[in-house]
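Each remark here refers to the structure printed beneath this line.
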Amino acid sequence: CRAKTRIALRFKQSRLGEKTTIDQFDFKHHESRQKQRSLILSLMDLKFLQAKKDIISIGNPGTGKTFLSKCIAYAATQAGIKTLFTTAMDMINQLVAAKTDHSLLKKLQFYQSQDLLVCDEIGYLPLGRDGSNLFFQVISARHEKKSTIITTNLPFAKWGDIFDGTTVATAIADRLVYNSEILILEGQSYRKR
């Protein structure tokens, strides 16, 4: 069955590693989850992909940002959508390495070609000037063409700390916020309970 093979391939290429589904998400854990329940569930229908919308998930470590992104990404692979899950640092490291061996355009194309790109854990480490510029190139190329999911532990006001100053940070935030759904996840770490 060709459709099954394609879905299996999409899952493998996504680098998700695990099949995370929304029924495993505990909406009762914190009121911020309950408040956004209908928005979260509506994202699972993947219509935001047709609208080329981005999703930005903001909250402290352990509040469910990565888990939710993985749920959406997994649902996308099951719909046969070209999806990639990566951490911000891994993506930047790959791009920096590609710049060194002159395969940067090919690598940028790889990140741009994903119909859904999940970029996890932005904000844990500053990306430096080079990293910030490369990140900007990826976001810029995808803007209004493909959907990107970002998870971050920092509010927009502190993005200058990640992206080597406010100019690049503002440019990145502007593009991401322009046509996006923003999830604010609060409360104590789910992992600590």
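Table for the structure above
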{"quantity": "Hey, Ile56 over 14 Å from the mean Cα position of the chain (by Cα) and at pLDDT 95 or above or not", "calculated": "no"}
{"quantity": "Pair list, Cβ < 6 Å and 6+ apart or interchain, from segment 1-29 residues that are among the basic types (Lys, Arg) to residues that are in a loop (DSSP other than H, G, I, E, B)", "calculated": "Arg6/Gly80; Arg10/Gly80"}
{"quantity": "Some residue of segment 123-135 being under 23 Å from Ile72 (Cα atoms), free of Cβ contacts under 8 Å to residues at least 40 places away in the same chain and surrounded by 14 or more Cβ atoms within 10 Å (Cβ to Cβ)", "calculated": "yes"}
{"quantity": "Some residue of segment 100-118 being within 29 Å of Ile40 (Cα to Cα), outside any helix (DSSP H, G or I) and in contact with a Cys (Cβ under 8 Å, 6 or more places away or on another chain)", "calculated": "no"}
{"quantity": "Subset of segment 15-57 that is of a type in the set (Val, Ile, Thr) and open to solvent by 20 Å² or more (accessible area, probe 1.4 Å) - its residue that is farthest from Tyr178 (Cα to Cα)", "calculated": "Thr21"}
{"quantity": "Flag for Val168 being in contact with a strand residue (DSSP E or B) (Cβ under 8 Å, 6 or more places away or on another chain), at pLDDT below 95 and surrounded by fewer than 22 Cβ atoms within 10 Å (Cβ to Cβ)", "calculated": "no"}
{"quantity": "Members of segment 85-121 found to be under 9 Å from the mean Cα position of the chain (by Cα), touching a residue at least 40 places away in the same chain (Cβ under 8 Å) and either closer than 18 Å to Phe48 by Cα or open to solvent by less than 40 Å² (accessible area, probe 1.4 Å) (or both), listed by number", "calculated": "Phe85, Thr86, Ala88, Leu116, Val118, Asp120"}
{"quantity": "Inter-residue pairs, beta-carbon under 6 Å, first small (Gly, Ala, Ser) and in segment 149-176, second crowded, with 19+ Cβ neighbours inside 10 Å, 6+ apart", "calculated": "Gly160/Ala169; Ala169/Trp159; Ala169/Phe163; Ala173/Trp159"}
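Table: residues versus (1) touching a strand residue (DSSP E or B) at 6+ places or on another chain (Cβ under 9 Å); (2) modelled with pLDDT of 95 or more.
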| position | (1), (2) |
| --- | --- |
| Thr5 | no, yes |
| Leu16 | yes, yes |
| Phe25 | no, yes |
| Lys28 | no, no |
| Leu43 | yes, yes |
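The values are calculated or read from the model by the stated rules, or taken from the named source; none is laboratory data. Owing to the predicted nature of the structure, the values given are computational and were not obtained by experimental measurement. Cβ coordinates were reconstructed from backbone atoms using ideal geometry, including for glycine residues, and neighbour counts include every protein chain displayed. When the accessible area is computed, the model is the full protein with side chains, heavy atoms only, and any ligands, DNA or RNA have been set aside. Shrake-Rupley method; radii C 1.70, N 1.55, O 1.52, S 1.80 Å.
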